[in-house]
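Okay, structure first, notes after.
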2 protein chains.
Amino acid sequence: MAEEYVQSLARGLAVIRAFDAATPELTLSDVARKTELTRAAARRFLLTLVDLGYVRTDGRLFSLSPRVLELGYAYLSSLSLPEVALPHLERLVAEVHESASVSVLDDADVVYVARVPTTRIMRVTIAIGTRFPAHCTSMGRVLLAGLPPDELDAFLEGHPLERLTPRTVTSPVALRGELDRVRAQGWAMVDQELEEGLRSIAAPIRNRAGRAVAAVNLSSHASRTTLESARRDLLPPLLATAARIEADLHATSSREAMP
Amino acid sequence: MAEEYVQSLARGLAVIRAFDAATPELTLSDVARKTELTRAAARRFLLTLVDLGYVRTDGRLFSLSPRVLELGYAYLSSLSLPEVALPHLERLVAEVHESASVSVLDDADVVYVARVPTTRIMRVTIAIGTRFPAHCTSMGRVLLAGLPPDELDAFLEGHPLERLTPRTVTSPVALRGELDRVRAQGWAMVDQELEEGLRSIAAPIRNRAGRAVAAVNLSSHASRTTLESARRDLLPPLLATAARIEADLHATSSREAMP
DNA sequence: TCCAGATGTTCGCAATACGAACGAGAGTTC
DNA sequence: GAACTCTCGTTCGTATTGCGAACATCTGGA
């Protein structure tokens, strides 16, 4: 913990995060238990959030209000990438009829910042803000491949590679080999390492300095796309889309915060 | 301001909101100015947010980190509607080839909580969390039409109706007339009241008690859709989709926080 | 080089946020 | 019905957390 640390802000944010899919509505005491605060403290934070419009209550149960999206939206609106990328994703999807997404790297995860879905092929829904482990996703692979060597070393040392399916690459040596290949070919394909049946192919989006700062991908299901057809049919339009997004981002880069 | 109010939480959240499209990166002093805090206070909040991973800094400029999406994501993941609705939107878009969205009412705005875009037809990009004034949007119309009379009275008294285009309905009497029509026909069409050229058609999504708690819409451009063809070609699949979303929500309503 | 203005930082202390104790409600037992 | 126990939500005296006045540093202009 830093010296200059406002404990009340940290506690208040933990109260926001206490609401999730499993517990969308909570009593004051539930929140206190979940955040390990006293009931009096939880009450103060909840009442403050209600006053600010971020939380609603019927007098007993508390739940988040749509206004809390404003906080995440601040990030998206501060970043030109989603807005620039979305029309290109729309065009790509109209061409190949598979879901397309853009993500950035944050710690050990990729975080989705733009998406045009077609038909659902995963067990879980992907939305803006969804996070997956970088090591077993196609977009994560191109982003990791673009890290400077010291940052990649730090990543591998700091993050054990979790196994999600029998195919997940979990050894740092094997992953380095995969990333070498990604660097050589300029794109990544991941086959059922995140979820059984899920195939995806990704390309990097680079800034002016040539650093991969985001990734764009297409995802499909193993039942309708062979590895060969993905490379033949999906890769060319994907690479073209990445290039177009880059060109647009460079054209606007005098006013952007680029990841 | 309520008695039980944690000023530090409110201030910290204002710091998050200080970052936007116009100012994605800010110095400590910029943040202080923008939030009307002292530099010392702004510094403490920024350092706290950096420590929590929500803000990044190069030592001079601060910017939001993707992790801040987690705060908005808490709302989306706490609400079953987006997850239930998205597959239905995907199917609807595959059928009619126009962008489809779901939103909820929050104060005087509709807030987008799910979306499948096709081709962009508006000047601004719509993302999850985007807010538009309810009175001049098709989804806002069906949601306002579903308010109890006392709540609709309060809305009209508390919110002057802003004019966005020459066609925007800005008189409370005229809007009441529109809402009467919406109630009678069960859907709403809005023609270039939000933005020139934008046509959209919306249907309500109701909870078990019959209250319109969300809305689903299709949007198109005046250059490619007549009012007549929108009603003939888009309305039937839209209404069918609303019914399907409702059915699915009712099936899961034992575990949901429904708006 | 000097000065003024702007920026970032420190540390004594005031006021903000704290939680122990209280009040209220519900359920159980005698 | 009374008494007791447990859980929940709330209050208010005060401790400690967050405060900002003052200091330190940097930058640009004369």
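The values are calculated or read from the model by the stated rules, or taken from the named source; none is laboratory data. Not measured: the values here are computed from a predicted model. Quick reminder, even Gly has a Cβ in these numbers, built from the backbone with ideal geometry, and neighbours come from all protein chains shown. All accessible areas refer to the heavy atoms of the entire protein, side chains included, with ligands and DNA or RNA removed. Shrake-Rupley method; radii C 1.70, N 1.55, O 1.52, S 1.80 Å.
What residue, of A:Val124, A:Val111, is under 9 Å from the mean Cα position of the chain (by Cα) and facing another protein chain (nearest Cβ under 9 Å)?
Step by step, each of A:Val124, A:Val111 is checked, and only A:Val111 is under 9 Å from the mean Cα position of the chain (by Cα) and facing another protein chain (nearest Cβ under 9 Å).
If B:Ser63 satisfies all but one of (1) within 16 Å of DNA strand C (Cβ to nearest atom); (2) in a strand (DSSP E or B); (3) more than 7 Å from chain A (Cβ to nearest Cβ), what's the number of the condition it fails?
Result: B:Ser63 passes all but (3).
Across the range B:56-68, what is the total count of residues that are at pLDDT 85 or above and either open to solvent by 10 Å² or more (accessible area, probe 1.4 Å) or within 16 Å of DNA strand D (Cβ to nearest atom) (or both)?
Total meeting the criteria: 6.
Considering only the range A:168-193, state which residues are open to solvent by 20 Å² or more (accessible area, probe 1.4 Å) and either closer than 20 Å to A:Thr225 by Cα or part of a loop (DSSP other than H, G, I, E, B) (or both).
A:Val169, A:Thr170, A:Ser171, A:Gly186, A:Trp187, A:Met189, A:Asp191, A:Gln192, listed by residue number.
(1) aliphatic (A, V, I, L, M); (2) surrounded by fewer than 23 Cβ atoms within 10 Å (Cβ to Cβ); (3) assigned to a helix (DSSP H, G or I): which one isn't true of B:Ala85, the others all being true?
Exception for B:Ala85: condition (2).
For the range B:10-32, name all the residues that are in a helix (DSSP H, G or I) and either facing another protein chain (nearest Cβ under 8 Å) or within 14 Å of DNA strand D (Cβ to nearest atom) (or both).
Hits for the range B:10-32 are B:Ala10, B:Arg11, B:Gly12, B:Leu13, B:Ala14, B:Val15, B:Ile16, B:Arg17, B:Leu28, B:Ser29, B:Val31, B:Ala32.
Determine if the range B:134-141 includes at least one residue that is over 20 Å from the mean Cα position of the chain (by Cα), open to solvent by less than 40 Å² (accessible area, probe 1.4 Å) and under 25 Å from B:Leu86 (Cα atoms).
So far as the range B:134-141 goes, no, none of its residues is over 20 Å from the mean Cα position of the chain (by Cα), open to solvent by less than 40 Å² (accessible area, probe 1.4 Å) and under 25 Å from B:Leu86 (Cα atoms).
Which numbered condition in (1) among the polar types (S, T, N, Q); (2) more than 16 Å from DNA strand D (Cβ to nearest atom); (3) not assigned by TED's automatic domain parsing to the domain that holds A:Ile205 is the only one that A:Thr38 fails?
(2)
Picking from B:Ala40, B:Ala10, which residue would you name as being within 13 Å of DNA strand C (Cβ to nearest atom), among the hydrophobic types (A, V, I, L, M, F, W, C) and surrounded by 15 or more Cβ atoms within 10 Å (Cβ to Cβ)?
Exactly one of B:Ala40, B:Ala10 is within 13 Å of DNA strand C (Cβ to nearest atom), among the hydrophobic types (A, V, I, L, M, F, W, C) and surrounded by 15 or more Cβ atoms within 10 Å (Cβ to Cβ), namely B:Ala10.
Starting from the range A:180-200, take each residue that is more than 14 Å from A:Leu147 (Cα to Cα) and list its partners that are among the polar types (S, T, N, Q) and open to solvent by 20 Å² or more (accessible area, probe 1.4 Å), counting only C-beta distances under 8 angstrom and pairs at least six apart or across chains.
A:Gly197/A:Ser223; A:Leu198/A:Gln192; A:Arg199/A:Gln192
From the list A:Ser138, A:Ser171, which residue is under 22 Å from A:Val102 (Cβ atoms) and not hydrophobic (A, V, I, L, M, F, W, C)?
Step by step, each of A:Ser138, A:Ser171 is checked, and only A:Ser138 is under 22 Å from A:Val102 (Cβ atoms) and not hydrophobic (A, V, I, L, M, F, W, C).
Could you pull out the residue among A:Thr241, A:Thr225 that is in a loop (DSSP other than H, G, I, E, B), crowded, with 17+ Cβ neighbours inside 10 Å, in contact with a Lys or Arg (Cβ under 8 Å, 6 or more places away or on another chain) and in the same structural domain as A:His88 (by TED's automatic domain parsing)?
A:Thr225
For the range B:85-108, enumerate the residues that are hydrophobic (A, V, I, L, M, F, W, C) and either within 16 Å of DNA strand C (Cβ to nearest atom) or within 9 Å of chain A (Cβ to nearest Cβ) (or both).
Correct list: B:Leu86, B:Leu89, B:Val93, B:Ala94, B:Val104, B:Leu105.
Output the residues belonging to the range A:93-114 that are open to solvent by less than 10 Å² (accessible area, probe 1.4 Å) and either more than 20 Å from B:Glu95 (Cβ to Cβ) or at pLDDT below 90 (or both).
A:Ser101, A:Val102, A:Ser103, A:Val104, A:Val110, A:Val111, A:Val113, A:Ala114
In the range A:14-27, what residues are buried (at least 18 other Cβ atoms within 10 Å of the Cβ) and within 16 Å of DNA strand C (Cβ to nearest atom)?
Listed by number, the residues that qualify are A:Val15, A:Ile16, A:Ala18.
So which of B:Thr119, B:Thr165 ends up being over 17 Å from B:Asp107 (Cβ atoms), modelled with pLDDT of 90 or more and either over 13 Å from the mean Cα position of the chain (by Cα) or open to solvent by 30 Å² or more (accessible area, probe 1.4 Å) (or both)?
Going through B:Thr119, B:Thr165 in turn, just one is over 17 Å from B:Asp107 (Cβ atoms), modelled with pLDDT of 90 or more and either over 13 Å from the mean Cα position of the chain (by Cα) or open to solvent by 30 Å² or more (accessible area, probe 1.4 Å) (or both): B:Thr165.
What about B:Leu49, is it open to solvent by less than 50 Å² (accessible area, probe 1.4 Å), within 15 Å of DNA strand D (Cβ to nearest atom) and under 27 Å from the mean Cα position of the chain (by Cα)?
yes
Do the conditions hold for A:Glu70, that is, is it farther than 27 Å from A:Leu105 by Cβ and either within 7 Å of chain B (Cβ to nearest Cβ) or of a type outside the set (Gly, Ala, Ser) (or both)?
The answer is no for A:Glu70.
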